[in-house]
């Protein structure tokens, strides 16, 4: 296998796993937002939602690891190990790469605290878990601003679908929270 072919394979692997990681992170955030009101989703038991949320999270982190690892070894991407930790210092599109690095840092904090959740306590874990709401938009911006597919229609459609998914989750949660806050008709009449 020639160097050009292996470099090309790494580039395709990096692109593909990055998009899949974004979609899985969107599923995770969407489910987290929708169920955060404490109301069950229609037609799904709470245990199924928790299981899908957890498994989508694990898959997203796995695809993210492959995404970062493949691009670290890709000579075209020119990533250094420091670029994976410190945002905005990379040679290639530093702003857009930096947004991805910031999202990675936040996701790593979420993973570490999730692994130590039983030792941290629910309140501390939940406080760090809120970082997901910052990591997701950074990941979306990273996706649409960097890489060879940044301006392509298909990637914009995927990104728009991700944004629409989270927006619909937010709207559903707002509707559920508003409905729960309203007094029942029997309470108003009394």
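A few remarks follow.
- Test: residue in segment 51-71 that is surrounded by 14 or more Cβ atoms within 10 Å (Cβ to Cβ) and touching a residue at least 60 places away in the same chain (Cβ under 8 Å): yes
- Among the residues making up segment 146-169, those that are buried (at least 16 other Cβ atoms within 10 Å of the Cβ) and more than 13 Å from the chain's Cα centre (by Cα) are 146, 147, 149, 155, 158, 169.
- Taken over segment 134-182, the criterion of being in a loop (DSSP other than H, G, I, E, B) and either under 20 Å from residue 60 (Cβ atoms) or touching a helix residue (DSSP H, G or I) at 6+ places or on another chain (Cβ under 8 Å) (or both) is satisfied by 146, 147, 148, 149, 150.
- Residue-level analysis places residue 18 outside the set of residues that are over 25 Å from residue 168 (Cβ atoms) and crowded, with 20+ Cβ neighbours inside 10 Å.
- Test: residue in segment 78-90 that is exposed (fewer than 15 other Cβ atoms within 10 Å of the Cβ), assigned to a loop (DSSP other than H, G, I, E, B) and touching a residue at least 60 places away in the same chain (Cβ under 8 Å): no
- Total residues in segment 25-61, condition assigned to a helix (DSSP H, G or I) and either under 26 Å from residue 140 (Cα atoms) or within 12 Å of the chain's Cα centre (by Cα) (or both): 24
FYI, it's all coordinate maths here, none of it is from the lab. All values reported here derive from a predicted model rather than from experimental measurement. In this analysis, Cβ positions are derived from the backbone assuming ideal geometry, glycine residues included, and neighbour counts consider all displayed protein chains.
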